[in-house]
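Okay, so here's the structure we're looking at.
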Amino acid sequence: MKHTWKLFVLLILFSCESTKFESEVSLPRLFGDGMVLQRQEAISIWGKGVPGENVRVSLAGAITSGTVEADSTWFLQLPELAAGGPFVLEVNNQKINDVYIGDVWVAGGQSNMEWRLKSQVIGAEKEFAEGGNQEIRFFKVPNSYSAEKLDDVVGGEWKVADSVNMKDFSAVAWFFAKRNNQEMKVPVGIIESNWGGTPVEGWTDAEILVEMEGSFLAQAKDVVENRDTWIAKLNENEMNQQLRDSLVSNPDTLAARNVASLGYDDSSWRKINLPDANPLAHIAWVRKKFNLTNTDDIILHLPALDQMAYVYVNGKLLHYKDWGVSMSDIEIPSDMLLKGGNVLTIRAINTWNNQPRVGQEGEMYILDSGEKISLEGTWSYSNSVVEPQLPKVEWFNWMPGMMYNAMIVPITNYSIKGAIWYQGESNAGRHEEYKALFSTMITNWRKDWGLGDFPFLFVQLANYMERKDVQADSNWAFLREAQTQTLELPNTGMATIIDIGEAEDIHPRNKKDVGERLWLQARKVAYGEKNVASGPQFDSLSRQGNELLVKFKSVGEGLKLTEGEEVKGFIAAKENGDFQQVTAMISDKSSVRVILPEGVEVGEIRYAWADNPEVNLVNNLGLPTEPFRAKFE
């Protein structure tokens, strides 16, 4: 009996020895301290290691194991787990701490999704004062692109939503995540994968796009058929970008002090009349002398600096203005100033289009005890005397599939609840192909993630640009229609924001309503609630003499006007005729009565059909009516 027991112990020891989990393994960058994993979905864990070695993963009491494949990769899955945390994720000898399980969303799109909380977002200071939320974490995928599919993102780390970190979070995604956490009572993870100014085809697999028709087809074929050439071209462009960024972000302090000093000789510089002319390029330096009778309570008013700027007074750095941040009035310390002659020097850079701008009419002056000292007029400027010209950097990330390869493919093994998306401005000039492109991208992502038709929620374009009463040819209106048509895909939802845009700014600062309207869609699409998630939506119309009765759905407790007694935003036209404004009034809880012009028998009506239409029709939740057009006879 004693010998049998010894044999049993030896067998256990041999078994443990043969399944040791001590080999070194590497994990994707998404796996790190502070991460959030998706609840109620199988949790995928993957990475690289030594072929044939064993890998064991454990989290919250769940354990699984496997072996590294011959190609050095391994892939394991833990079962579905309930929300909670913090936990420790163990992978062989590695420990990842402060791990939560909750809801994970990908926040994609262009600059309006990328727009940071700290960039003059309405209500942001209140969010900062509240101190954030330890159960909300963000992972920002760095802007990157590739001609081939990558197996990992190029950088990034999970950051807890404290009062410091959250300032750099996507504002839309923050307000969305906050609601998710408050109402579902679960931790929330946001994976930001967005890039300002980008078109939808850049986020879609080029190998799929070559099977479609559109303005993107030739580029997509080029990317697919000449991949090796593109890899070399991108490597060269990346080196140029790194050189440019190092030049832009690291001014020589001693040289800057010299160039910005009162005694610097700028006689060899050219002259420029600001703000009228703009020959500025590369790293542009501009100088302007001004006189003071005292040095106390001096304010600089120069809000329009595009895109980044270093502002110096008499050789000392006064302020650094980052992109996306307006420059508030700045009090100039008295010890920087002199009675008599002074000099204001600005180092301006615009990496977007290489055309920095300084000032605008009526908004360039120094306040001296309430008296304005104008800064408009003649300045000295240099585009290359002080610093070398910037190397040429191409926007290859806009090419079909380029961002998809680097910023989407590497994260598709990571289980998610769904995606929120804010994009379309860069495709407005090609609106006729947007429905097909956008629908293809959504389907492409869903296939890659392998989670079925996961919720995909998006923002319709806001109102923007000059207000026109009648604008039947608006590209932005047609793009909004294409976005609405994309709702034909299952498990999609759209947040309409036709009422909270800004005429003069493509980046409206009201991001709270955007995020919270997306959350209304999430409650319905992702969580199966029966809530009213949209503003009024066109349902049908009927003809009654010279009037049309337009019926709406999603009216909640009934249609309302935000102002006035008549419904604003309707236009009508005879068939193939010119559009004109028409009178419209609420008829009942779900209908609007539109009065047609004399002699109009067959034609079309449109609502909110312009770049920046004036609208006032909402439901009882204050959600605006979706733009639409419809034929009548």
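The values are calculated or read from the model by the stated rules, or taken from the named source; none is laboratory data. Just so you know, these numbers come straight off a predicted model, no measurement behind them. Reconstructed Cβ throughout: ideal geometry from the backbone, glycine too, with neighbour counts over all protein chains shown. Only protein heavy atoms, including side chains, enter the accessible area calculation; ligands, DNA and RNA are left aside. Shrake-Rupley method; radii C 1.70, N 1.55, O 1.52, S 1.80 Å.
For the chain, the antiparallel share of DSSP beta bridges with both residues in that region comes to about 80%.
With a cap of 14 neighbouring Cβ atoms within 10 Å, and only residues DSSP puts in a loop, list the trypsin sites (Lys or Arg not before Pro) found in segment 263-362.
Working: sites: 270, 271, 287, 288, 289, 316, 321, 339, 347, 357; in loops: 339.
Passing both the DSSP loop test and the Cβ count: 339.
Take each peptide in 191-199, 624-632, count the other Cβ atoms within 10 Å of every residue, and average; sorted highest first, the result is 191-199, 624-632.
Give me the percent of accessible area attributable to carbon and sulfur for segment 390-518, probe 1.4 angstrom.
Values: 1930 of 4180 Å².
Here it works out to 46 percent.
The simple spin-label model puts a point 7 Å past each Cα toward its Cβ; for residue 544 and residue 299 those points are separated by 5.7 nm. When both segment 202-243 and segment 489-521 are represented by their alpha-carbon centers, they are found 31 Å apart.
For the pair residue 581 and residue 529 in one chain, pulling the backbone fully straight at 0.36 nm per residue adds 14.9 nm over the alpha carbon distance. Ligands, DNA and RNA left out, the accessible area of segment 74-181 computed with a 1.4 Å probe is 48% carbon and sulfur. Apply the a/c threshold of 1.5 to the C-alpha gyration tensor of segment 122-192 and tell me whether it is rounded, prolate or oblate. Prolate shape, in that a/c is at least 1.5 and a/b is the bigger ratio. Considering only 613, 63, 497, the residue lying farthest towards the positive end of the dipole of the chain is 63, judged by Cα position with unit charges set on Cβ. Find the centroid of the Cα atoms in segment 583-616 and in segment 24-100, then give the distance between the two in whole Å. Their Cα centres are 57 Å away from one another. The modelled label-to-label distance for the pair residue 20/residue 329, using points 7 Å beyond Cα in the direction of Cβ, is 7.2 nm. Excluding same-chain neighbours fewer than eight residues apart, the lysines reachable from residue 574 by a Cα-Cα span under 16 Å are 631. Projecting the Cα atoms of 374, 358, 164 onto the dipole axis of the chain, where Lys and Arg carry +1 and Asp and Glu carry -1 at the beta carbon, places 164 farthest toward the positive end. Normalised per residue, the accessible area of segment 407-563 is 37 Å², obtained with a 1.4 Å probe and no contribution from ligands, DNA or RNA.
Only aspartates and glutamates eight or more places from residue 221 in sequence, or on another chain, were considered; those with a Cα closer than 20 Å are 148, 201, 205, 207, 211, 213, 394, 433. Measuring between alpha carbons in the structure, the pairs from 126/289; 511/560; 288/321; 126/417; 48/511; 126/185 lying more than 30 angstrom apart are 126/289; 48/511.
Charging the Cβ of each Asp and Glu at -1 and of each Lys and Arg at +1, and nothing else, the dipole of segment 484-559 about its Cα centre rounds to 320 debye.
Net charge around residue 563, counting only other residues with Cβ within less than 13 Å of its Cβ (Lys, Arg = +1; Asp, Glu = -1)? Taking every other residue near residue 563 into account, the sum is -2.
For segment 342-349, backbone phi angles converted through the Karplus equation (6.51, -1.76, 1.60; θ = phi - 60°) give residue-by-residue couplings of 9, 9, 9, 10, 10, 9, 10, 9 Hz, Gly and Pro being listed as x.
Determine the gain in length on full extension of the stretch residue 470-residue 270; use 0.36 nm per residue of separation and subtract their C-alpha separation, reporting nm with one decimal.
Net length gain for the segment: 67.5 nm.
Taking every DSSP bridge with both residues inside segment 396-516, close to 10 percent are antiparallel.
As a test of the formula, what do you get for the chain when each DSSP H run with n ≥ 4 contributes -39,500 (n - 2.57) and the sum is divided by the residue count, at 222 nm and rounded to the nearest 500 deg cm²/dmol?
Numbers: 11 runs with 126 residues, N = 633.
Mean residue ellipticity, 222 nm, calculated: -6000 deg cm²/dmol.
Tell me whether the chain comes out rounded, prolate or oblate; compute the Cα gyration tensor, take square roots of the eigenvalues as a ≥ b ≥ c, and use a/c under 1.5 as the rounded threshold. Write down the numbers at each step before the final one.
Numbers: a/c = 1.89, a/b = 1.13, b/c = 1.67.
Note, shape of the chain comes out oblate.
Cross-link pairs exceeding 19 Å in C-alpha to C-alpha distance, out of 435/568; 149/435; 178/530; 271/316; 568/589; 468/589, comprise 435/568; 149/435; 178/530; 271/316; 468/589.
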